[in-house]
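Have a look at the structure below before the remarks.
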Amino acid sequence: MVPDLSFADLTEVDLDDADLSGADFSDANLREAQLGGANLSEAVLYKAKVTEADLMQANLSDTNLSEAELDGVDFTEANLARADLLMPTPKSLLT
């Protein structure tokens with residue numbers, strides 16, 4: 001069963017080395033979360049707040065990170081193969 005953690009407040013949670021493949025973190029707060037070495041393949045982090053999180057050596061292959069807040073995230077040696085990092089088009093460019 002794939003965990004639904006959408007809208008969850010996971011601030012500063014320690015999930016190092018956890019298997020979270022396919023989990024739904026849409027709109028979740030993962031600020032300063034410890035996710036080093038975690039398996040987040042095929043997870044959904046759409047619009048998640050992941051600022052200042054540790055994702056060192058995490059598996060983010062095929063992960064949806066579109067519109068996520070990623071300021072200060074440590075992606076050192078993380079696998080981002082086929083990850084969706086699409087950001088919204090600024091409104092100033094749409095006029």
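Okay, here's what the table says:
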| item | result |
| --- | --- |
| Candidate set: the range 49-64, residues that are outside any strand (DSSP E or B) and farther than 15 Å from residue 83 by Cβ; chosen: the one nearest to the chain's Cα centre (by Cα) | 51 |
| Pair list, Cβ < 9 Å and 6+ apart or interchain, from the range 1-24 residues that are farther than 13 Å from residue 49 by Cβ and among the hydroxyl-bearing types (Ser, Thr, Tyr) to residues that are modelled with pLDDT of 95 or more and part of a loop (DSSP other than H, G, I, E, B) | 21/40; 21/41; 21/42; 21/43 |
| Pairs with Cβ under 7 Å, 6+ apart, first in the range 41-65 and without any contact (Cβ under 8 Å) to a residue 60 or more places away in the chain and under 12 Å from residue 75 (Cβ atoms), second part of a loop (DSSP other than H, G, I, E, B) and among the aromatic types (Phe, Trp, Tyr) | 55/75 |
| Residue count, the range 19-41 (criterion: surrounded by fewer than 18 Cβ atoms within 10 Å (Cβ to Cβ) and assigned to a loop (DSSP other than H, G, I, E, B)) | 5 |
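The values are calculated or read from the model by the stated rules, or taken from the named source; none is laboratory data. Note that the coordinates shown come from a computational prediction; the quantities given were computed from them, not determined experimentally. Reconstructed Cβ throughout: ideal geometry from the backbone, glycine too, with neighbour counts over all protein chains shown.
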